[in-house]
Amino acid sequence: MNNNVHKPVIQKNAIYRKKYLKRLLYKSIIVLALILVLILIKKLNLSSTNNVLGSLKNNIEYEFNLIEDSKKLYVKAQQLLDSSLETVGVLNSLSPKFNAPIAGSIYRSFDQMVVIDGNKIKNGGIDIKVINGEDPIAISNGTVTDIHKSGNKGYFISIKNGDMEITYGYISKPYVEEGDEIVVGEKLGELGNTKDGNKYLRIEIEVKGEKVDPTNYISFSEII
């Protein structure tokens, strides 16, 4: 008799727990899905992604702190968020680089103090000391936006692709013209010999109008 009285109550509690766990599961799936999506779009804008992840983390803390029985799930989600933020940074540092435009070693590095016309300034690019007689090639696709000659330094060829513009300098004889569509691996011109008998290639990279260190975008086998 007592069993019959308590049976509906037990069934009711079981249904309630089932619905509660189902809602909890749905929230967990949504949280994990958002985290995965944000990690996948990291390359679009890393800083924005991290900001959104931080905001999501705050929202999770607010939402899950209201549910007493979900503390364990909240802790797991919080740990996953912290791990995801670190993963985004690691993945960004491991982003693939362009192949070098020519075989050689870095002779002058980015931001190194150099003397030009008697004035000391920071180097806005890098100078590569070429170790063979090959012609420099394009490291990315793009459109030739500018070709100009700078005194005895030779020609400078600028190729733009999206927010990035790469300039190749110290070229004695260009093989391309302004407006040309360039593909990766295409020869850009011939390098001339300098007074010391060596050949050099100048590389400058601008991203969204700001000069950046080319070694962050190009892989070199040797650096001296």
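Once the C-beta distance of N216 and I131 is scaled by a Förster radius of 25 Å, the resulting FRET efficiency is 0.65 to the nearest 0.05.
Set the Förster distance to 22 Å, then compute FRET efficiency between N141 and S172 from the Cβ-Cβ distance, nearest 0.05. That pair, N141 with S172, gives E of 0.35. Debye-formula intensities of the stretch 100-196, expressed as log10 I(q)/I(0) at q = 0.21 Å⁻¹, are -1.19 (one equal scatterer per alpha-carbon, no solvent). Here the calculated FRET efficiency for V114 and N198, from their Cβ-Cβ distance with R0 = 25 Å, stands at 0.90, rounded to the nearest 0.05.
Rule-based calculations on the coordinates, nothing more; no lab input. It should be emphasised that the depicted structure is a prediction, and the values quoted were computed from it without experimental measurement. Methodologically, a virtual Cβ is constructed for each residue, glycine included, from the backbone with ideal geometry; neighbour enumeration extends over all protein chains shown.
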